[in-house]
Every structure is written in C-alpha cells, then in structure tokens.
1. Which members of segment 76-97 meet the condition of being touching a helix residue (DSSP H, G or I) at 6+ places or on another chain (Cβ under 8 Å) and under 25 Å from Ser137 (Cβ atoms)?
2. Only residues that are open to solvent by less than 50 Å² (accessible area, probe 1.4 Å) and of a type in the set (D, E, K, R): list them for segment 141-156, please.
3. Restricting to segment 45-99, and then to whatever is more than 14 Å from the chain's Cα centre (by Cα) and among the acidic types (Asp, Glu), can you tell me which residue is least open to solvent (accessible area, probe 1.4 Å)?
4. Starting from segment 64-76, keep only residues that are over 14 Å from Thr104 (Cα atoms) and assigned to a strand (DSSP E or B), then list their pairs with residues that are modelled with pLDDT of 95 or more and open to solvent by 100 Å² or more (accessible area, probe 1.4 Å) whose Cβ atoms are within a distance under 6 Å, requiring at least 6 positions of separation or different chains.
5. Cβ-Cβ below 8 Å, separation at least six or inter-chain, first residue in segment 140-166 and free of Cβ contacts under 8 Å to residues at least 40 places away in the same chain and at positive phi, second in a loop (DSSP other than H, G, I, E, B) and surrounded by 12 or more Cβ atoms within 10 Å (Cβ to Cβ): which pairs?
6. What residue, among those in segment 100-122 that are part of a helix (DSSP H, G or I) and either touching a strand residue (DSSP E or B) at 6+ places or on another chain (Cβ under 9 Å) or among the charged types (D, E, K, R) (or both), is surrounded by the fewest Cβ atoms within 10 Å (Cβ to Cβ)?
7. Within the bounds of segment 3-22, is there any residue that is farther than 20 Å from Ile120 by Cβ, modelled with pLDDT under 95 and polar (S, T, N, Q)?
Amino acid sequence: MKKAIVSLLLAVAVICGAAFAGVPISKVDKVSPTDEIFMDMAYSAASKSANAKGLPCGAVIILNNAFRAAGTADANATAEQNAIAKAGLANLENATIFTVNEPTTEAYNDICRFGADAVIFVNSRDKVIAAGVYPASAYDDSKIDTTVTQVPLKQISYADAERLLK
C-alpha cells in the first residue's frame, strides 16, 4: 500500500507542479488507476494480516475507480465479506473487488447478492486449499446461489500475493 500511496503522491506532485509552472498537462501525464495498484492494496491488507498471525487474506472494494473499503479474514468472515461490511453500501454496482485469494463459495454468493461488477484475484482455490488457508469444502460449487446474477471472476498474476501462500 505504501508503494501505491507514494506513486499517487508523486503523480499528484508532478501534475500540481506542471499546473503551477503553467505547463499544460497532456493525456500521458494524467494518473490512471490500474489493476496492479488496486491489487497492491489487497496484498498490503493480506500481508499485514499474515504478519499479525492471521490468514493471508486481503480484499479491497474499488467503486468507480476509487478505494471504498478493505477487509481481512477473521473467525467470522472472509476478507471479501468484511470489506463488503465496511463499505456500508446497499449494493456494489460499479464496484470491483480485488482479493488476494479466490473467494470461497460463501463469499462469492455475498459478492453476487451485492451486485459487484467483477472480482479480480491472484491465488486460485487449489493453491489456497493446498496452503491450508481454507478447506476444500469452502469451495463447493454446488452451493453457488444461481438465483442471483453471477459476477465474473478474473485471475491475474501478482508475484507478491502468490508468495503469501508459500
């Protein structure tokens, strides 16, 4: 998260400096949020949780390309469920959830019920199960709630998040 904040602050300083210097800002000078920045935020939450002897699980909710909430797993809920609770929204329309690990079936059902647009994750269920983070029973596809619109899942590569399970 520190890396993301530093990058953002540097970009703002460059933009403000250019504006005060009377230099026009071109399209290439503008900051655009990326999946990597948002996944870094999820990774930071998961890393802090793991360092505090918790589960290596972290999730962030990005609403309209802006940070809304972060969550980590605890004894009562997954990182995604805690992020949803912290967001305090009636629905997640226009939101993407970035999470280090593929959501469990229960978390995925909650994500679908709240109507998020997408879920982007790094570690597949096979890796999560093999690392002992969640049992195989937490990923029971027969329990997916088919009465709600399914949210697309997209796996991306992010080396730091992958190392959390090793």
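1. Ala77, Thr78, Ala79, Glu80, Gln81, Ile84, Ile97
2. Asp145
3. Out of the qualifying residues, it is Asp74.
4. As it stands, the answer is Ala69/Lys86; Gly71/Lys86, since those pairs meet every condition given.
5. Short answer, once both residue conditions are applied: none.
6. Restricting to residues being part of a helix (DSSP H, G or I) and either touching a strand residue (DSSP E or B) at 6+ places or on another chain (Cβ under 9 Å) or among the charged types (D, E, K, R) (or both), the top hit is Arg113.
7. no
The values are calculated or read from the model by the stated rules, or taken from the named source; none is laboratory data. On a predicted model such as this, the values are computed, not experimentally measured, just so you know. Methodologically, a virtual Cβ is constructed for each residue, glycine included, from the backbone with ideal geometry; neighbour enumeration extends over all protein chains shown. Surface areas here come from the heavy atoms of the whole protein model, side chains and all, with no ligands, DNA or RNA. Shrake-Rupley method; radii C 1.70, N 1.55, O 1.52, S 1.80 Å.
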